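Since the structure comes first, as structure tokens, the remarks are kept for the end.
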């Protein structure tokens, strides 16, 4: 279980998060939507302390971190409970697909190399890259790189996987293969928090949708609640802009 | 006085006696310089209080003064310090027992450290910030992330600059002759003076340095090819 309480964050004078409270149950797939600049990526990055919140409490499982300056080892332990899939993939460029997946296992978890390789191969097969084990990121397409990124996150068997706009940097024809992989692992009951702009995907995969604007959570609910019966005007505006109705005639 | 090509060979053979000294000074100062440079670069990049200011002062002073000056300052200054300390603690150690070669190595390590810190800093800055974030996200500590992820990539991009530094230190090592270390340049002077054939001896020394430099260029080219394998793209 993940619990965020009163998370505040400012960059200079610009307040990005204005006291966010959010609870995510085990096995939930929470999709965070919102216009750009609404703070959704910052919120996600606060969960594993890639961004330090100015204030607030982050709890994952039985570990609790508070405010801006928790101890280095506390942050380190928190990060070991999470994994992240980045917008720009951020695969280790000098390592092959398999080495990318193994790295966290051998270096952080102390898993022996051959066990790590077995897990790595299994995870890469799961994302459909069993034939690309020894390719460097520069030899893979964006979609393939992102699937390696997902395999790298999965291999760590974390309590939650954080997805930061996993398809935003992809060519349109490659988006589908990545969403398909995420959809498949969502069905396995892994807890996920996903920031995305893919509305159809959000609707499909989410057990809960959270709508953010101006550094605050405006409303949350099931995909049907948010997409069919949004209560807040700002949510409606956003959905209108993102899914334009056919208000033209041919 | 006429040009005597056959003497060049004689000179060449005698220069080989000094080759190990030149290589020793170069390798030690480059290796130590790389260590110093890395520490200095990290201190500055991570803005470690006190250490980063000291590091900046070190870099600007050393880069702002000639390499010959570093050698002379160490050669004349270090004995004062060492003998002073020895006197204070009542030790019988005197600076006279320190080989001249050591002064050259210490001085040139200090020189190399300052120049290489900039090479290392540029290399680290060239690595995408997302790489260290990804390393943190899989649970690595910062030292692990630096060692496993950042340094290998930084090394690959800084190789051309590093090989420049190595060549610079190789050529700079000739200054050691001013404190009577017999490296290639000093040896050339000796053979030249013995036989009154200066041009031939120095030409032989120049060719030897050129050969060494080409060797360094080749090695660095080969390393660059190997270390950048991952960036070439295309099919595996």
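No value in this document is a laboratory result; all are computed from the given coordinates. Keep in mind that this is a model prediction, so the values were computed, not measured. Counting neighbours? That spans all protein chains shown, and the Cβs are built from the backbone with ideal geometry, glycine included.
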Report task. Please give, to one decimal in nm, the separation of the simple spin-label points placed at residue B:2 and residue B:226, each 7 Å out from Cα toward the Cβ. Result -> 5.0 nm
Query raised in the report: Can you work out the FRET efficiency for the pair residue A:64 and residue B:96, with r the C-beta to C-beta distance and R0 = 60 Å, to the nearest 0.05?
Result: 0.40
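Hey, what does the equivalent ellipsoid look like for the protein assembly as shown, semi-axes from the Cα gyration tensor as sqrt of 5 times each eigenvalue, largest first, whole Å? Intermediate results must be reported in sequence, preceding the final value.
Numbers: eigenvalues 714, 138, 73 Å².
They are 60, 26, 19 Å, listed from largest to smallest.
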Query - Radius ratio Rg over Rh of segment B:115-236, counting only Cα atoms, Kirkwood formula for Rh - result: 1.19
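Hey, fewest Cβ within 10 Å first, where do A:123, B:67, B:169 land in order? Show your work: numbers first, answer last.
Values: A:123 26, B:67 20, B:169 23.
Final ranking by Cβ density, sparse to dense: B:67, B:169, A:123.
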Query - Choice from A:135, A:89, A:49 with maximal GNM fluctuation in chain A (Cα, 10 Å cutoff) - result: A:135
**Report entry** Alpha carbon centroid spacing (whole Å) that separates segment A:1-55 from segment A:136-194
**Finding:** 20 Å
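Order by neighbour count: A:235, B:21, fewest other Cβ atoms within 10 Å first, most last.
Values: A:235 24, B:21 19.
The most exposed by this proxy come first: B:21, A:235.
Return the average number of partner chain Cβ atoms within 10 angstrom of each residue Cβ along peptide A:76-88. Please report the intermediate quantities before stating the final value.
Numbers: counts 6, 1, 1, 6, 3, 1, 3, 3, 5, 2, 4, 1, 5.
Taking the mean over all residues of the peptide, I get 3.
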Query raised in the report: Angle between the Cα long axis of helix B:151-172 and the longest principal axis of chain B, 0 to 90 degrees, nearest 10?
Result: 20 degrees
Query raised in the report: Nearest 0.05, what FRET efficiency do residue A:183 and residue B:65 give at R0 = 45 Å with Cβ-Cβ as r?
Result: 0.10
Query raised in the report: Given the options A:229, A:208, A:147, which has the most mean-square fluctuation in a GNM of chain A, springs set between C-alpha atoms less than 10 angstrom apart?
Result: A:229
**Report entry** Whole-Å semi-axes of segment A:150-250's equivalent ellipsoid (Cα gyration tensor)
**Finding:** 26, 18, 12
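Based only on other Cβ atoms within 10 Å, what is the fewest-to-most ordering of A:28, B:224?
Values: A:28 19, B:224 16.
By the 10 Å Cβ count, ascending, the order reads B:224, A:28.
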Query - chain B: most fluctuating residue of B:164, B:195, B:185 per GNM, C-alpha cutoff 10 Å - result: B:195
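Could you estimate the translational diffusion coefficient of chain B from the Stokes-Einstein equation, with Rh from the Kirkwood formula over C-alpha pairs, at 20 °C and 1.002 mPa s, in whole µm²/s?
Details: Rh = 20.3 Å.
Once the numbers are plugged in, D ends up at 106 µm²/s.
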